[in-house]
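Enquirer: Let me give you the structure first, and then I'll get to my questions.
Read-outs: derived from the displayed coordinates by stated rules, not from any lab. All values reported here derive from a predicted model rather than from experimental measurement. Cβ placement follows ideal geometry from the backbone for every residue including glycine, while neighbour counts extend to all protein chains displayed.
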Amino acid sequence: MLDAARQMGIKIVQARVTDLEIHADRVVIYTESCCLVADVVIGAFGMDEGTVEIFARAVGYKPPPSLSTVVTKYHPGEQHLPKFGESIHVFLPATPKIEFGAFTPKGNHLTINIAGMAIDADLMDTFFALPEVRQVLRQLTGVDQLNSRMISYFKGRFPRGLAKNYAGDRFVLVGDAAGLVRAFKGKGVTSAIQTGMRAANVILHEGISAQAFQAYGRANHDILIDIPYSQAMRHLTILSSSLGLMDTAIRAAQQNPDLRRAFFDAVSAHSPYHEVVRRLLTPPVLASILRAFFTPTSGGMTPQRR
């Protein structure tokens with residue numbers, strides 16, 4: 001995308017922004033290499049803490065509430081990657097503080113991450129030590145366990161709600177910076193592109209004033225109305241995992257295609273969360289969950305590929 005911008009003749013300044021001033025007739029952007037003057041500034045900085053502070057000082061912006069995440073890359077070797085195929089392994093452990101974890105195949109490596117309110121390296125080590133995680137590692141990579149002494153960890157954040165004051169006179173924020181993402185599953189890059197296009201349309205057709213950017217909120221109505229549903233799904237998932245009910249729901253999904261589709265859409269973002277919730281609350285789906293709950297099983301928790 002950066003190369004495409006250059007090909008369109010757009011000037012690219014590769015320098016970190018150090019400060020920002022919003023004036024009545026212009027925006028002044030200070031960077032480590034130069035000072036820029038613009039008509040409007042679009043913030044696409046994710047959850048970068050330094051840029052958050054700059055916008056907070058300049059326009060009273062307040063970042064969205066967020067979850068912390070620890071992520072790592074693991075190269076299991078070319079002989080093992082085909083075993084993963086295109087499947088993402090999602091784990092919803094009953095471990096306090098870890099809301100979910102995932103193994104995602106990406107080209108020549110696996111991206112492995114966990115998320116929660118207060119995630120750290122010790123919790124990542126705890127995740128790797130879980131029996132169901134070790135089982136997947138052992139079966140698909142031949143490695144019994146990973147930890148922070150073997151591979152490097154990286155830390156980040158992603159939104160779980162909406163930012164405050166994310167648009168106004170001569171400024172607008174997009175994607176994670178605005179909290180305009182699926183508050184449970186993210187889809188940050190997709191949402192950043194989508195909301196960036198919507199911001200551009202507003203600038204071109206409505207203007208760059210605070211009043212003009214009211215149209216930006218209307219343009220993102222589909223994301224805004226879905227945030228309460230995604231937050232409700234998050235809390236329901238946390239509760240179900242802590243009570244050990246996720247296995248029951250997954251067993252029910254194996255017998256009920258509507259429930260299976262709802263789970264798939266919740267993870268894949270193929271449908272909005274209000275549609276996922278609607279599918280979950282139908283009598284046939286609820287009946288299938290009750291049947292699975294009262295059906296005895298001989299095994300414990302097994303990792304599910306979704």
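Enquirer: Could you check what % of the DSSP bridge pairs in the chain are antiparallel, to the nearest 5? Numbers along the way, then the final one.
Expert: On the way: 38 of 41 bridges.
The antiparallel proportion sits near 95 percent.
Enquirer: Would you give the gap between the C-alpha center of region 118-186 and the C-alpha center of region 27-47, rounded to a whole Å?
Expert: That distance is 28 Å.
Enquirer: Before anything else, pin down the relative contact order of region 66-157: Cα pairs under 8 Å, at least 6 apart, normalised by residue count, whole percent.
Expert: Values: 163 pairs, mean separation 34.8, N = 92.
Computed value for region 66-157: 38 percent relative contact order.
Enquirer: Check residue 31: other-chain or 5+ apart residues with amide H under 5 Å from its amide H, H built from backbone geometry?
Expert: 18, 36
Enquirer: Over 29 Å between Cα atoms: which of 62/97; 11/73; 106/164 fall into that group? Mind showing how you got there, number by number?
Expert: Working: 62/97 25 Å; 11/73 33 Å; 106/164 34 Å.
Long pairs (Cα-Cα over 29 Å): 11/73; 106/164.
Enquirer: Quick one: angle between helix 227-242 and the longest Cα principal axis of the chain, in degrees between 0 and 90, rounded to 10, please.
Expert: The angle comes out near 30 degrees.
Enquirer: Over the chain, what is the mean sequence separation of C-alpha contacts under 8 Å (at least six apart), divided by residue count, expressed as relative contact order in percent?
Expert: Working: 489 pairs, mean separation 51.5, N = 306.
Once normalised by length, the contact order is 17 percent.
Enquirer: Ranked highest first by average number of other Cβ atoms within 10 Å, how do 48-54, 70-76 line up? If you can, show how the numbers build up before the last one.
Expert: On the way: 48-54: 15.7, 70-76: 17.6.
In descending order of packing, they fall as 70-76, 48-54.
Enquirer: Tell me, what ³J(HN,Hα) does each residue in region 30-36 have, in order and in whole Hz, if you take phi through Karplus 6.51 cos²θ - 1.76 cosθ + 1.60 with θ = phi - 60° and put x for Gly and Pro?
Expert: The phi angles translate into 8, 10, 5, 10, 6, 10, 10 Hz.
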